[in-house]
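In what follows, a single structure is set out as structure tokens and then discussed.
The values are calculated or read from the model by the stated rules, or taken from the named source; none is laboratory data. Bear in mind the structure is a predicted one, so any value in this text is a computation, not a measurement. Neighbour counts run over all protein chains shown; Cβ positions are idealised from the backbone, glycine included. The accessibility values were calculated without ligands, DNA or RNA, using every heavy atom of the protein model including side chains. Shrake-Rupley method; radii C 1.70, N 1.55, O 1.52, S 1.80 Å.
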Amino acid sequence: SWLDSGAKRMAAGVRMDCSSQGQCPYSCHLCHMSPGPGRPAEPVLLQITKAAPLYELVSNNHTYQALQEAMMSMLWCSGKGDVIDDWCRCDSNAFGTDGLPTCAPLPQPRLRLSHSYEPSSSLVIVEWNHTEPPIGVRIVDYLISQEKVTERTDHSKMETETMLSFVDDILSGAKSPCVMLGDIPDLLTSSVSMIIRCLEPDTTYMFRLWAVDNTGRRSSPSEVTIKTPCPAVDDVKAQEIADKIYNLFNGYTSGKEQQTAYNTLMDLGSPTLHRVLYHYNQRYESFGEFTWRCEDELGPRKAGLILSQLDDLSGWCRGLLQEPKIGLRRMSLKYLSCRYTDTKAFGLNWVDLGQDVRKACDEQNLPVMYNDYGEPKER
């Protein structure tokens, strides 16, 4: 009860701990205030402590000031510099091999995949929280790299594709056709999200993120590795094309019908061609298997060109495309389409960033497709 009643009047740094000390023996004459018959009182030890900075305990003003500055230096400047207003003035021994000051620790951003949107075959959404200490460093930019893993079994073999500056390339809308803004920091959240498009299906990518401070220093990188899903297919459309090919092949086939069938099949791409083959054989195999009919109607050369596309997919994706049913989900993803602006002209204030960006960016919707393989599961 003391703790509850005193909570509203509790001074900063004061902590109360109540701990049981056992029960009073019946022989104790001090336990006459027992809460009830047959229930001896339970003594409680109340400990009240108050945390205070060490320099507040020093009476000498000169020692007080020196101790305060030393503790601030340890807290914000790694003990290698002085705190001046909201920045660190580093000592002469606090510079790296690149000549940049190292006394103020630069926080490492934590890159992660979005919890709200799943990756598609050509798109992922990555997020991180913008945080910086109140004293020491000022984060003025983030660098984002995208690398494609060239060997499935060895993630150390990379192919560097892009390195973008969050401020110069993405906020400004200057040269980021495949990278768009999602959420940006405002008064309610510190989260930053980016939509990365133009990815290849069934491919492993590594994304890295660095924070850059006002001296040009980079933080340690944060990494996310992801394999994009298999290419999305419209199974209803594939079934319609299978019916169309059967009708073109049925009976006497003229040169015009053969050319129409050849052009149609060559334009499909590997994923849809797999589903056309699947549906054709499910419905019309009694009239001749798809591969044989293509060779018979179009000739070995043209049939070979068509069927060679089937090998463009991994064994994993080819297996999924043999599922009896493949559903197609269409989702709408909101993003910010930004016109070119000179971000540095009005400075980069992370607190007001949301308001500034929305003056130069329009909210738009991006359609995204996903496949669900097999029969839908009951929930």
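For the reader, a short list of remarks on this structure follows.
- Some residue of segment 248-265 being touching a Lys or Arg at 6+ places or on another chain (Cβ under 7 Å), assigned by the TED database to the domain that holds E147, within 21 Å of D312 (Cβ to Cβ) and among the aromatic types (F, W, Y): no
- Among the residues of segment 271-320, those that are of a type in the set (D, E, K, R) and either touching a strand residue (DSSP E or B) at 6+ places or on another chain (Cβ under 8 Å) or in a helix (DSSP H, G or I) (or both) comprise R275, R283, E285, R293, E295, D296, E297, R301, K302, D311, D312, R318.
- Residues located in segment 72-113, provided they are free of Cβ contacts under 8 Å to residues at least 24 places away in the same chain and of a type in the set (S, T, Y): S73, S92, T97
- Only residues that are farther than 25 Å from L353 by Cα and in contact with a Leu (Cβ under 6 Å, 6 or more places away or on another chain) were counted in segment 82-140, giving 1.
- Listed by position, the strands (runs of 3 or more DSSP E) enclosed by segment 50-154 include none that has at least 3 residues that are open to solvent by 70 Å² or more (accessible area, probe 1.4 Å) and small (G, A, S).
- Some residue of segment 317-331 being at pLDDT 70 or above and within 17 Å of G182 (Cα to Cα): yes
- Taking the criterion of being open to solvent by 60 Å² or more (accessible area, probe 1.4 Å) and not polar (S, T, N, Q), the residues of segment 265-288 that qualify are M266, D267, R283, E285, F287.
- Taking segment 245-287 as the range and being hydrophobic (A, V, I, L, M, F, W, C) and touching a Pro at 6+ places or on another chain (Cβ under 8 Å) as the test, no residue passes.
- Some residue of segment 1-9 being of a type outside the set (V, I, T), out of contact with any Ser or Thr (no Cβ under 9 Å at 6 or more places or on another chain), at pLDDT 60 or above and open to solvent by less than 70 Å² (accessible area, probe 1.4 Å): no
- Strands (runs of 3 or more DSSP E) completely within segment 191-264 that count 1 or more residues being in contact (Cβ under 8 Å) with a residue 40 or more places away in the chain and surrounded by 19 or more Cβ atoms within 10 Å (Cβ to Cβ): 191-196, 204-213
- Of everything in segment 73-107 that is under 33 Å from the mean Cα position of the chain (by Cα) and among the charged types (D, E, K, R), the residue that is nearest to T215 (Cα to Cα) is D98.
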